[in-house]
Structures are given as structure tokens and as C-alpha cells.
Amino acid sequence: MTASRFSALSHLECSRCASRRYDASQVHGTCDCGAPLLARYDLELLARRLDQGELASRRADLWRYHELLPVTGPDGIVSLGEGMTPLLPMPVLGKALGVPDLLMKDEGLIPTGTFKARGAAVGVSRAAELGVKGVAMPTNGNAGAAWAVYAARAGLPSLIAMPVGAPEITRAECVAAGAELYLVDGLINDAGALIASAVRHRPGYQDTSTMKEPYRLEGKKTMGLEIAEQLGWRFPDVLVYPTGGGVGIIGIHKAMLELRELGWVTGELPRMVCVQATGCAPIVRAFERGARESEPWPEASTIAFGITVPKALGDFLVLDSLYQSAGTAIAVEDEAILADQRTVARLEGCFICPEGAACFTAVRRLREAGWLTERDRVVVLNTGTGLKYPGTIGVRAGADIPVLAKSGSIPEQPRTRQRCRT
Ligand SMILES: *Cc1c(COP(=O)(O)O)cnc(C)c1O
């Protein structure tokens, strides 16, 4: 396949045995060796054709980077208006944590309320363009919801399996969008096994599990492109990411390598921080051991449901990005995550998801440990809105919030606020 004006996509390449190449104009899952495939672009040609300054006049969505995305023409785009989410300064929280130059990329403001919309927009667009007849995936909820709505937008059927424990709102999104939904009495890996055997009997359906097809990663990559552009074509010093399957962190790292190769950004790559919950921290454990791969985490459980992934197919790519960028990995407890979810809302007005909150807990710990300094420019990824996790905040009438009789009265003095750690 040769690069077009619209997309510089040239071929697919195995992430493990990099010499193995695949034709990008055909539908592919993983490499024959089982490792994820990566989309490769003709960056040399693109660097000659396009200057990053030209992007400024384009529409503020992720398709502004279409040369670095796999869809080969504007007609192939399936969009709900995703991308160019705000990169918010967090001055009050930053000061409290001792990291004054703290920024938050807020993915809560994207269709479906989580960054999974990026992977779905690009993945579904490309699948439809290549003639895939249906998409099938296991999910912890948010990805399924995103793929269900984008599939509906593309006129494709979707087959989704999620743990019964996944956030209920994501079921509603799948059902509303007409997905064929199954709840599984198990974890995402169990749902994955069921999907893998189901697609064998569904001609034309593609298994779009995390890292089992190459294009979801390309959608998530756009977070890295946006961060660099929003910082004036610079990298931050540190990037903090809540890691489940790892697509986001692998994608951002890939984006930054491509930007460097294009010559659009120079300088050191940001130190990548992989954040997991203590109830499911396979990559943190592997990092601490200096391992190349993770071991499956037994009895995985955390309130940050989006990062409950006991064993990720792309774990070695996450670990590579940490080793290559002088990054680190850290696990935080659910209790601290919930406390910081409130702290962020109280100090900055941002009601974020627990996965995002885990990153702020990580910033607090890494600053205390001296791994972060007050001079570091730190970007935290908030991967979704708190609105998708209403159960994380106690709001029971009577127990959590006073209920007044019609004839009652509101106290003259403000009620003392809940004690906060910051
Ligand atoms: C899926 C998900 C994550 C983890 O993302 P990966 O790219 O799979 O590591 C983090 N936060 C939220 C809200 C998610 O839905």
C-alpha cells in the first residue's frame, strides 16, 4: 500500500518481530506470532509535504491529524465530534501537591465520556473502510459503550461482552445503541475468551479486543498528538497514565516517537508513569522486577474498573515505553483514589473518574518520594468523567446528606465540610 495525500499509512508491522510486515489494505488481527501489529506511516514523505503549523487552521477534532491516521479518505470518517479535549492547568491542586506546573488532559469531555471514544472512532472507521461486517469485543464497559455507539453510527452490528461487575451505565449505552450485549460472570479476560470463540462462527466479524487489531491504538495515539500541539509542539516532562490494557500509554508513546521522527517536536520524551490500583497491578509488579512481560494478576479487583486488566496483551510495549523514557510504575489503593477524586473536584471543580483520580494520587506519592520535582511539567490523563461512576460518591438521603422536613430549616452556619487530605 502506498501513502495517499490524506493518510501516510504505509504498512503494518509486528511489535515483537519488527521485520514481519503486513499489507495494511487487508483486515489483520495480530501477527502470526500473537503479538500486536503496529500501523506504520511514510513519515519521511509526510515531513516533506506537511508542516505542523498548517494544522492550526484545521477543525478542532482528532481528524486534524488525518495524515497520521489509517483512514484513507474523508468519506471513511465515522465521527461524533471527538478530540481536542482541554488541557487544563490545575494550579490550586498543583500547589497543594508541590507540583505547580500540573496540567490535566480532560477526556471526560468526549462522546461517551471516556477516551475510549478515540479508539472507537478510528477503529470503527477503519474497520468499515476495510469491509468488516461487524465488530466484537470484550470490555470493562467503557470501550464496549464507545464501540457500540460508533458502530451504530457506521451502520455496523456490534457484539459486546462485559463483566457483570462493569459500570451499569455502560450497559445502558450498549443497549441504547442496539449492540448485542452479554454479561459475563467473570473478568475481562474471561469475556475475551468468549468473544474469541464467537467470532469464529460469525463470518465478517472482527475481534476488536484490546491490541488484537492495529487501529484502536491509532485513535488513542491522538491524545499524545494533541498534548504536544497544545503545549506549542513541546513535550511535557512527565506524563501520568492510568493503565489497564495499556493502549493509551502505548499510543501516546508511539505518537511522541512519530512527532520526533517528523521533526515536529524535538527534545527528550516525557518520562511515562504507569498507574495501576493495588488490587490489580501486574505491570507495576513487572516493572519493579525489571521484567519484559507481566504475570496474570490473581483475583483482580479495584473500584477503578477501567484498569482491572489482569494480563494485557501489550504489557511488554507498556514496559518498553517506561524503560525507554526513564519512566516508572506505581500502584495506589482504592481508598486513596476515592479521597483524591473528591479533592480534585473540591479544589479544581473537576469531577473525574477514579482511574484519573488514581493518577493524582500517584503524583502525590511520586512528589513525596522525590521522583517528581517542583520544576517538572506534569500532564495527568483524566481518562473519563466522574458522571460515569455515580456510585463512587456517597449521596444517600439521610445517611450522607441531611433530609429536611418541609417545615424544617437550614442551619445558619454552613455545615462543616468533609475533612480532606490536601
Ligand atoms: C479503559 C480505561 C482505562 C485504561 O486504558 P488502557 O488504554 O486500556 O490502558 C483507563 N481509564 C478509563 C476510564 C478506561 O475506561
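Just so it is clear, none of the values below were taken in a lab; they were calculated from the coordinates. No experiment lies behind these values; they were computed from the predicted model shown. Quick reminder, even Gly has a Cβ in these numbers, built from the backbone with ideal geometry, and neighbours come from all protein chains shown.
Ranked by how many other Cβ atoms sit within 10 Å of their own Cβ, fewest first, the residues Leu322, Leu183, Leu347 fall in the order Leu183, Leu347, Leu322. Counted over all Cα-Cα pairs of region 88-213, pairs farther apart than 18 Å make up 53 percent.
Rg/Rh for region 223-379 to two decimals, with Rh computed the Kirkwood way over all alpha-carbon pairs. That ratio is 0.96, to two decimals. With Cα atoms defining each centre, region 84-130 and region 234-274 are spaced 14 Å apart in the structure. For the pair Ala56 and Arg289 in one chain, pulling the backbone fully straight at 0.36 nm per residue adds 79.5 nm over the alpha carbon distance.
Based solely on its DSSP helices, what 222 nm [θ] is calculated for the chain when runs of n ≥ 4 H residues each add -39,500 (n - 2.57) and the sum is averaged over all residues, nearest 500 deg cm²/dmol?
Values: 12 runs with 140 residues, N = 422.
Per the formula, -10000 deg cm²/dmol.
Around Thr266, what is the net charge, scoring Lys/Arg as +1 and Asp/Glu as -1 over all other residues with Cβ under 10 Å from its Cβ?
Taking every Cβ under 10 Å from that of Thr266, the sum is +1.
Spatial offset of region 138-189 relative to region 333-383 amounts to 28 Å, using the alpha carbon center of each.
Between Glu299 and Ala369, what is the label-point separation in nm under the 7 Å Cα-to-beta-carbon projection? The modelled label-to-label distance comes out at 2.5 nm. Within the chain, all pairs of alpha-carbon atoms sorted by distance into 20 Å bins from zero give the percentages 27, 58, 13, 1. Counted by Cβ distance under 12 Å from Ala331, the other residues give a net charge of -1, where Lys and Arg count +1 and Asp and Glu count -1.
The tail of the calculated P(r) for region 160-221 beyond 17 Å holds 49 percent of all Cα-Cα pairs. A straight Cα-to-Cα reach below 27 Å connects Lys220 with the lysines Lys105, Lys116, Lys133, Lys212, Lys254, Lys311, Lys388, residues fewer than 8 places away in its own chain not being considered.
For region 144-161, the Karplus equation 6.51 cos²θ - 1.76 cosθ + 1.60, evaluated at θ = phi - 60°, returns couplings of x, 4, 5, 5, 4, 6, 5, 4, 4, 4, 8, x, 9, x, 10, 10, 10, 10 Hz by residue, with Gly and Pro reported as x.
With a Cα-only, solvent-free Debye model of region 1-143, what are the log10 I(q)/I(0) values at q = 0.18 Å⁻¹? Taking Cα atoms of region 1-143 as identical point scatterers yields -1.18.
What the phi angles of region 166-181 give under the Karplus curve with 6.51, -1.76 and 1.60, with θ = phi - 60°, is a coupling list of 5, x, 4, 4, 6, 4, 4, 5, 5, 5, 4, 7, x, 6, 8, 10 Hz, glycine and proline written as x. Taken over the alpha carbons of region 307-422 as equal point scatterers, the Debye sum produces base-10 log I(q)/I(0) values at 0.19 Å⁻¹ of -1.17. Build a GNM of the chain with springs between Cα atoms under 10 Å apart, and of Leu88, Leu103, Leu68 the one that fluctuates most is Leu88.
Hydrodynamic estimate: the Kirkwood radius of region 149-269 over Cα pairs, inserted into Stokes-Einstein at 37 °C and 0.692 mPa s, corresponds to D of 198 µm²/s. In order along region 27-40, the Karplus-derived 3J(HN,Hα) couplings, from 6.51 cos²θ - 1.76 cosθ + 1.60 at θ = phi - 60°, round to 6, 9, x, 9, 5, 4, 7, x, 7, x, 9, 10, 6, 10 Hz, and Gly and Pro are given as x.
Going by C-beta contacts inside 10 Å, put Met272, Met211, Met84 in order with the fewest on the left.
On the way: Met272 26, Met211 23, Met84 19.
By the 10 Å Cβ count, ascending, the order reads Met84, Met211, Met272.
With K and R counted +1 and D and E -1, the other residues having a Cβ less than 9 Å from that of Gly98 yield a net charge of +1.
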